[in-house]
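Here is the structure we will look at, set down as structure tokens.
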Amino acid sequence: MNENIPVHVGIIMDGNGRWATERGLERSMGHKSGVKNLKTLCTYIFERGVKVLSVYAFSTENFKREKKEVDFLMSLFVESFYKEFSFLKDNGIKVMFSGRREPLPRKVLEVMDRMTLETSDFDGPIFNICLNYGGQDEIVDMVKNISKLVSNQNIEIEDITKEVVNKNLYQDLPPLDLVIRTSGEQRISNFMLYQSSYAEYYFPKVYFPDFNNDEFDIAIEEFQKRNRRFGGNKK
Ligand code: FPP
């Protein structure tokens, strides 16, 4: 068996709304099914040997949605984080969040902080949840962080390297190897722009609630067929 398993996988969990609408259900039911699917899927993804899983839970742009849907999603995050926290801890999963804190409601920040703190010394797989996240904002925030280091004379401009840049992103993670966007849309929509420089992209047609373990196996097979050259010659 080919054991070329990606170290870092990203998932843009798209299509919850369409999944529900096509079944004559409220969009909120699609998000609920998405959460249910994510629990099974993340367990399986770590079982397959992936070390870091980043998921796009809520973009900065998602705040433009109807207030009813934004409020529902915020409550769903709080509810599912509290509900699944012991499951994540029992499985040694280290939880991280990427994104800006403003204007997330306090109840969301509280549970995020608790999960981060209580799993901070775990050395198992990493579950990075991008919440109120924007890739361009992350780059802006990284530039601000490094500028402060320079103006406080903690670093010389000549010493700014790719490693320094990576350390000043929201999280210091390995590069993305594989990015999956469900629902057939072929866009990256501001997801982990710096980290995905050499990622392979995969765009399955199914909506996120239907992106099950078998679908993930197909994504891995596809990844294993790709010839990753990182800018070098074709082998
Ligand atoms: C996309 O569907 C999904 C989202 C906006 C994010 C919500 C994701 C979940 C609820 C999954 C669970 C996440 C966590 C971290 C608990 P969409 O509404 O854009 O679908 P559409 O494109 O069909 O309208």
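The values are calculated or read from the model by the stated rules, or taken from the named source; none is laboratory data. Source: prediction; values computed, not measured. Positions of Cβ are backbone-derived with ideal geometry, glycine not excepted, and every protein chain shown enters the neighbour counts. Please note that ligands, DNA and RNA were not included when accessible areas were found on the heavy atoms of the full protein model with its side chains. Shrake-Rupley method; radii C 1.70, N 1.55, O 1.52, S 1.80 Å.
Assorted remarks:
- When we screen S98, S28, S59, S33 for residues that are within 8 Å of the ligand (Cβ to nearest atom) and over 20 Å from E222 (Cβ atoms), the only hit is S59.
- Applying the condition of being farther than 19 Å from E47 by Cβ and either basic (K, R) or surrounded by 16 or more Cβ atoms within 10 Å (Cβ to Cβ) (or both) to segment 223-235 and asking which residue is modelled with the lowest pLDDT yields K235.
- Single condition L104 does not satisfy, out of (1) part of a helix (DSSP H, G or I); (2) open to solvent by less than 20 Å² (accessible area, probe 1.4 Å); (3) farther than 19 Å from V52 by Cβ: (1)
- Residue match in segment 185-208 (condition: assigned to a helix (DSSP H, G or I), surrounded by fewer than 21 Cβ atoms within 10 Å (Cβ to Cβ), within 18 Å of the chain's Cα centre (by Cα) and touching a residue at least 24 places away in the same chain (Cβ under 8 Å)): no
- Matching option when the condition is in a helix (DSSP H, G or I), of a type in the set (K, R), within 14 Å of the ligand (Cβ to nearest atom) and modelled with pLDDT of 95 or more, among K89, K83: K83
- A count restricted to segment 1-57 and to residues that are crowded, with 16+ Cβ neighbours inside 10 Å, in a loop (DSSP other than H, G, I, E, B) and touching a helix residue (DSSP H, G or I) at 6+ places or on another chain (Cβ under 8 Å) stands at 5.
Per-residue answers, yes or no, for (1) under 16 Å from the mean Cα position of the chain (by Cα); (2) on the phi > 0 side of the Ramachandran plot:
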{"position": "V9", "(1), (2)": "yes, no"}
{"position": "G15", "(1), (2)": "yes, yes"}
{"position": "W19", "(1), (2)": "no, no"}
{"position": "G34", "(1), (2)": "yes, no"}
{"position": "C42", "(1), (2)": "yes, no"}
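- Residue in segment 131-153 that is within 11 Å of the ligand (Cβ to nearest atom) and in contact with an Asp or Glu (Cβ under 9 Å, 6 or more places away or on another chain) present: no
- Of the residues making up segment 120-130, none is closer than 20 Å to N37 by Cβ and in a helix (DSSP H, G or I).
- In segment 143-153, the residues that are surrounded by 10 or more Cβ atoms within 10 Å (Cβ to Cβ) and polar (S, T, N, Q): N145, S147
- In segment 85-96, residue most open to solvent (accessible area, probe 1.4 Å) [restricted to those that are in contact with a helix residue (DSSP H, G or I) (Cβ under 8 Å, 6 or more places away or on another chain) and closer than 24 Å to R181 by Cα]: M96
- Filter result (open to solvent by less than 40 Å² (accessible area, probe 1.4 Å) and either in contact (Cβ under 8 Å) with a residue 24 or more places away in the chain or within 15 Å of V9 (Cβ to Cβ) (or both)) within segment 160-178: V165, N166, N168, L169, L173, L176, D177, L178
- Test for K94: is it touching a Gly at 6+ places or on another chain (Cβ under 9 Å) and not aromatic (F, W, Y): yes
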